[in-house]
Amino acid sequence: MSAHPTPDFPDSSSPDSPRLHRALKARHLTMIAIGGSIGTGLFVASGASISQAGPGGAMLAYLLIGVMVYCLMTSLGEMAAFMPVSGSFATYGAKYVDEGFGFALGWNYWYNWAVTIAVELVAAQLVMNYWFPHVPGLWWSAAFLAVMFLLNALTVRGFGEAEYWFALIKVVTVLAFIGVGLLMIFGIMKGAPANGWHNLTIGDAPFAGGLPAMMGVAMIAGFSFQGTELIGIAAGESENPRKTIPRAVKQIFWRILLFYVLAIFVIGVLIPYTDPNLLKSDVTDIGVSPFTLVFRHAGLAFAAGVMNAVILTAVLSAGNSGMYASTRMLYTLATEGRAPKLFAKLSPGGVPRNALFATTAVGALCFLTSLYGDKTVYLWLLNTSGMTGFIAWLGIAVSHYRFRKGFVAQGYSVVQLPYASPLFPYGPIFAFGLCVVIALGQDYQAFLANRIDWVGVLATYVGIPLFLAVWAGYRLVRGGRFVRYDEMEIAPWIAAHRDATRGGAPATIDVPETVS
């Protein structure tokens, strides 16, 4: 196999060349991890989940997916703490599975987040229409795209600070919602339902629609949790990855339990799952967000305006994260020789500006809304990127399983890892299996219909054949094979960790050129 410099670290022959800066502190990484799982999926679409499966079914579905995400993040945390590079699972896929596999994962993830920027900018247009219905949405897209670009163009610290405050707003909103809801449920605050816990027993509650409905909600939950893997991307610029990555990973399960399961419990108790408002999950109608409905019941007349601002924050946070993640992934692909070298160039501030320009150009696809209409382009972009997040998760599970096998096969002990997943090998196996079921079941109802909508099926599943085609194409052009356990790149990183911790040395990890 060819040798490439380890991403994030310059060739040892040019020590003065620009490099990525490890400027993300523990508070940044914690909030990036928290913010990645809170978005419009919770603020708006959670109502539709409850209406489909009932409050009990929705809670179980989100809890099941939460366990899967926890398994995935412990897997990613083990690899990211050991090898903190901005390429994250694309680099791990190349080094521990197959070079073509890593290549396909990297381009798949870059496309996923680059398109997500466009999707979120379209959503921002729709949200701003609440306050300014007569202002063309194109203007808002241009303004927000410029803001995201500037936050990412100066230093990584700018991105980190923006995400910290974006995430803090979302966290405070969810905590306030849960607090107000619990006060209403126990009759301490006005607005509590007169029939107490009756909403949990009406009709088919708490489990409505049976197993098929729960499966459908589980798929929605999978989309809601996409973004938690950003901590792996941010590891390459984390100030102290040996400590901050494990700390962020350990918090994931509890925040999922708090933010999703408790929030859905509050909604299910206070709002009947048969309420027609819960069937609506369009970001354009903030008034029917379950959060808005509960706040209104509590007598907060300004709830719709506040939630609109919070949802705008969530949208901008997702777009900002997407710009960061896709830029770093394109940069890493370039440093590894899997993308044009043009994108490997860094500014004096340690920002891959050329990769940022390219990613911003893709994000500008949102401008197509001025030609085809907001909702049409929004749904089209969403469909083309929907499957790619699940493919990234599958890549994490496979890479971790092989990494740990190779680590042990080379004679190393698990105690030498900065962080070891407590769920191996069952965690990655469970996550892989459930992820496959969810990915393949995205549009399973289409195959049960009398007449299959092949256009809809193609829009849903096109990401899978594209990923396989890119992987196969790489093998065809450059060759390749699965990396053997005894050939995996482990020894240089063991030495780097030993040097970083010797005598209480700083925890930053400097690694010269390594072999792959």
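A few comments on the model shown:
- Judged by the mean number of other Cβ atoms found within 10 Å, the most tightly packed of the peptides 431-441, 88-98 leads the ranking 88-98, 431-441.
- Distant alpha-carbon pairs in the stretch 308-356 (separation over 12 angstrom), percent: 63 percent
- Number of Lys pairs (Cα under 23 Å; 8 or more positions apart or on different chains) in the chain: 10
- Computed in the context of the full set of protein chains, the accessible area of the chain at 1.4 Å probe radius has 67% of its extent on carbon or sulfur.
- For the stretch 220-348, the Kirkwood estimate of the hydrodynamic radius, built from every pair of different alpha carbons, is 17.9 Å.
- Kyte-Doolittle mean at least -1.0 and Cα axial length at least 30 Å: DSSP H helices in the chain: 46-82, 99-128, 156-185, 303-335, 388-409
- With contacts taken as Cα pairs under 8 Å at a separation of at least 6 residues, the chain carries a relative contact order of 34 percent.
- Inter-label distance for LYS25 and ARG498, nm, one decimal - labels placed 7 Å from Cα along Cα-to-Cβ: 3.4 nm
- Radius ratio Rg over Rh of the stretch 115-273, counting only Cα atoms, Kirkwood formula for Rh: 1.03
- Amide H within-cut-off set for ASP204, under 5 Å, with H built and near neighbours excluded: none
- All Cα-Cα separations within the stretch 441-498 were binned at 5 Å from zero, giving a P(r) of 4, 13, 13, 11, 11, 10, 11, 9, 8, 5, 3, 1, 0, each value a whole percent of the pairs.
- Entry for the stretch 385-478 at q = 0.17, 0.23 Å⁻¹: log10 I(q)/I(0) = -0.87, -1.14, Debye formula applied to identical alpha-carbon scatterers, no solvent contribution.
- Distance between modelled label sites at LEU154 and ALA491, nm, 7 Å Cα→Cβ extension: 4.5 nm
- The stretch 173-245 - Rg (one decimal) and Dmax (whole number), Cα, Å: 19.6, 53
- 1.4 Å probe accessible area per residue over the stretch 207-349, in Å²: 31 Å²
- Sequence-distant contacts, meaning Cα pairs under 8 Å at least 6 residues apart, place the relative contact order of the stretch 236-366 at 11 percent.
- The stretch between GLN416 and PHE447, if pulled fully straight at 0.36 nm per residue, gains 6.3 nm over its current Cα-Cα span.
- Mean ellipticity per residue at 222 nm, deg cm²/dmol - from DSSP H runs of n ≥ 4 across the chain, formula -39500 (n - 2.57): -20500 deg cm²/dmol
- Charge sum, other residues only, whose C-beta stays under 14 Å from THR30's C-beta, Lys/Arg counted +1 and Asp/Glu -1: +4
- Column: log10 I(q)/I(0), Debye, Cα scatterers of the stretch 19-122, q = 0.16 Å⁻¹: -1.01
- Of every Cα-Cα pair in the stretch 84-192, the percent that sits beyond 22 Å: 60 percent
- The C-alpha radius of gyration of the stretch 102-165, expressed as a fraction of 2.2 N^0.38 Å, stands at 1.34.
- The listed peptides 23-31, 403-411, ordered by packing as a protection proxy, come out as 23-31, 403-411 (highest mean of other Cβ atoms within 10 Å first).
The values are calculated or read from the model by the stated rules, or taken from the named source; none is laboratory data. Keep in mind it's a predicted model, so treat the numbers as computed, not measured. Cβ atoms come from the backbone with ideal geometry, glycine included; neighbour counts cover every protein chain shown. Side chains included, ligands, DNA and RNA excluded: accessible areas come from the protein's heavy atoms. Shrake-Rupley method; radii C 1.70, N 1.55, O 1.52, S 1.80 Å.
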